[in-house]
Each structure stands twice: as C-alpha cells, then as structure tokens.
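What follows is a set of notes on a single structure, which appears directly below.
The values are calculated or read from the model by the stated rules, or taken from the named source; none is laboratory data. Quick caveat, the model's predicted, so the values are computed rather than measured. Virtual Cβ from ideal backbone geometry, glycine too; neighbours counted across all protein chains shown. To get the accessible areas, we keep the full protein, side chains included, count just its heavy atoms, and leave off ligands, DNA and RNA. Shrake-Rupley method; radii C 1.70, N 1.55, O 1.52, S 1.80 Å.
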Amino acid sequence: MQRREIATELKRLRETVGLSLEEAARRAGLSIGGLSMLENGERTDPSYSTLAQLVYGGLVLNGTISLPK
C-alpha cells in the first residue's frame, strides 16, 4: 500500500466507524493536528507506535490496514 493510499484509507476508516477527527485523535492518544496530517498525506512517515495507537484506539480494527495486535 502506498503512503497516499494509507492516508486516504485512514480517513475512510474513521468515517466508516463514525468517529469525528477529534474523537479518533482522543481515543488514539494523538493530537488532532497530527491525525489530520496523517489523513491528508502531509505526514507520510508515521512511527510504528503511532500506527499502533490508531489500532488500539479502535480506528483501524477490522479495517483493511492490518497490524499485529
């Protein structure tokens, strides 16, 4: 998956589960700006821990981006 596709997929997944940007950021322990930058492709090199925060925050669970639990 390309970086731009990851950004698009993150936003799609968040919207699919019905979370606002603010709520998704809060659940994942990320700043609103940081999550927005990821979704818009402005930040293209998230760390493993950032991706793990998104998973454990419930944003990517059962989505198409899969990481080990």
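In the condition set (1) of a type in the set (Asp, Glu); (2) modelled with pLDDT under 85; (3) open to solvent by 50 Å² or more (accessible area, probe 1.4 Å), GLU9 is compliant with all but (3).
Scanning region 12-24 for residues that are surrounded by 15 or more Cβ atoms within 10 Å (Cβ to Cβ) and at pLDDT 90 or above yields a single hit, LEU21. If you check SER31 against the conditions, is it small (Gly, Ala, Ser) and modelled with pLDDT of 85 or more? It is true that SER31 is small (Gly, Ala, Ser) and modelled with pLDDT of 85 or more.
Looking only at residues that are assigned to a helix (DSSP H, G or I), more than 14 Å from ALA7 (Cα to Cα) and open to solvent by less than 50 Å² (accessible area, probe 1.4 Å) in region 45-58, which one is modelled with the lowest pLDDT? Selected residue: VAL55. For ARG3, the conditions (1) modelled with pLDDT of 85 or more; (2) more than 13 Å from GLN53 (Cα to Cα) are fulfilled apart from (1). Between LEU30, LEU38, the distinction of being within 10 Å of the chain's Cα centre (by Cα), of a type outside the set (D, E, K, R) and either assigned to a loop (DSSP other than H, G, I, E, B) or over 18 Å from TYR56 (Cα atoms) (or both) belongs to LEU30 only. With respect to (1) surrounded by 12 or more Cβ atoms within 10 Å (Cβ to Cβ); (2) modelled with pLDDT of 85 or more; (3) not polar (S, T, N, Q), the lone exception for GLU42 is condition (1).
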